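All remarks here apply to the structure that follows.
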Amino acid sequence: MSSAKIAVVTGGAGFIGSHMVDLLLQEGFVVRVIDNLSGGRESNLSHHSANSQMSLLVTDIRKLEPLHAVFKGATFIFHFAGIGDIVPSIENPIEYMEVNIQGTVRMLEAGRANSVQKFVYAASSSCYGLASVPTTESHPLSPQYPYALSKLLGEQAAFHWHRVYGLPVNSVRIFNAYGTRSRTSGVYGAVFGVFLRQKLAGRPFTVVGDGTQRRDFVYVSDVAKAFYAAAITEIVGRHWNLGAGNPQSINRLTELLVGDVEYIPKRPGEPECTWADITAISNDLQWFPLVDFEEGIGRMMLDIERWRDAPLWDPESIKQATTTWFKYLAKDQS
Ligand code: UDP
């Protein structure tokens, strides 16, 4: 019998999950990935396909029984599986609640049934809504759309399992993660997918507003390291904010990507600035961001071909894709 520790990564074929898999394999874990390949891609793991330490179970987390063999002997569960994006969550809230809350509850039950040493929940900074910055962990919660609510309720379920059943849970509230393997398909949203495809096509970057808005972009390998630290720590029952703690403007992003820009209307309900206060995670977990913005963008540029099959957005198609967004979130602007 192998003495290597076992980690389960839900959503492990996805953007952040696949980087988590990389790190865990490097750390000598046997890694069992659970992914239904709805947002994730097998190709995100193809560099490990010959590695017998990793396996992929293609299934929906809502269908998994807590006593399924995939969880047997697991030391850690990293829970990234879920669905994202603002607009589809407004249009189809039931599915968001089913996957992001009920699905999480199933994974918590699996953690409980298998007495894992840590369950680390991937939470979202969207729980804070339009927050004051830099945002600390004690900032009031104010989810603005069903996706944000579903991720917050999933986190509350995780802490409920901690309190009621003694499951050792930590949660990491991710600000704007970016990096290689960020999503290339699907709905309009995350800025990197939009801009990298536009760059490949020689089209101008569609900058929202005047581009002075800032985001706390944190590079994905740093995100994976934070989750690892949240698993191996003795600390339990805590949530941390995770960003680089150094927000960057969209104008700076287009400068680094190099290309023409065109401006599109501001989106309602969007913060001017997101900025994680990372004092707590740095103090508690000795975690510090290592990849700076220029370096991170450079790494993505090396991998830009991956975005070749991503949808190419322009101001008109963005306008259509965001109709729901403007309809439901505009009232918050008053
Ligand atoms: N953004 C942009 N053009 C786009 C898409 C996004 O300028 O076509 C900007 C957007 O205004 C925001 C930033 O990029 O300031 C990050 O947007 P994303 O949707 O990736 O993340 P979020 O707004 O949820 O933080």
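Read the figures in this text as sums done on the coordinates, not as results from a lab. Just so we're clear, the structure is a prediction, and the values are computed from it rather than from any experiment. Every residue, glycine as well, gets a Cβ built from its backbone with ideal geometry; the counts of neighbours run over all protein chains shown.
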Spatial extent of region 213-278: Rg and Dmax, with the Cα atoms as the point set, Å: 15.7, 49
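Full extension from Q320 to L200: what is 0.36 nm times the residue separation minus their Cα-Cα distance, to one decimal in nm? Don't skip to the end; give the middle numbers.
Working: separation 120, 0.36 × 120 = 43.20 nm, distance 2.24 nm.
That works out to 41.0 nm of additional length.
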K63 paired with I235, simple spin-label distance in nm, labels 7 Å along Cα-to-beta-carbon: 3.8
The chain: angle of helix 103-113 to the longest principal axis, Cα-based, in degrees nearest 10: 20
Neighbour-count ranking [beta-carbon atoms within 10 angstrom, fewest first] of D222, D35: D222, D35
Dipole of region 101-193, positive end: most advanced residue of N114, S126, L167 [Cβ charges, Cα centre]: N114
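Given a Förster distance of 25 angstrom, what is the FRET efficiency for S46 paired with L256, based on the Cβ-Cβ distance and rounded to 0.05?
Details: r = 28 Å, r/R0 = 1.12.
Step by step, r from the Cβ atoms, then E = 0.35.
In the neighborhood of T75, defined by Cβ-to-Cβ distances under 12 Å, what is the net charge if each Lys or Arg adds +1 and each Asp or Glu adds -1? Provide the component values of the computation, followed by the final result.
On the way: positive: K5, R32, K72, K118; negative: E27.
Here the charged neighbours net out to +3.
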Semi-axis lengths, Å, region 1-40, gyration tensor of Cα atoms, sqrt of 5 times eigenvalues: 20, 11, 5
Of the GluC sites (Glu not before Pro) in region 234-295, those whose Cβ has at most 11 other Cβ within 10 Å and which sit in DSSP loop: E234
Where labels lie 7 Å past Cα in the beta-carbon direction, separation of S3 and L37 in nm: 3.7
Rounded, prolate or oblate (a/c below 1.5 giving rounded, otherwise prolate when a/b exceeds b/c) for region 95-232 by Cα gyration tensor: prolate
Rounded to 10°, Cα long-axis angle of helix 146-165 versus longest principal axis of the chain: 20
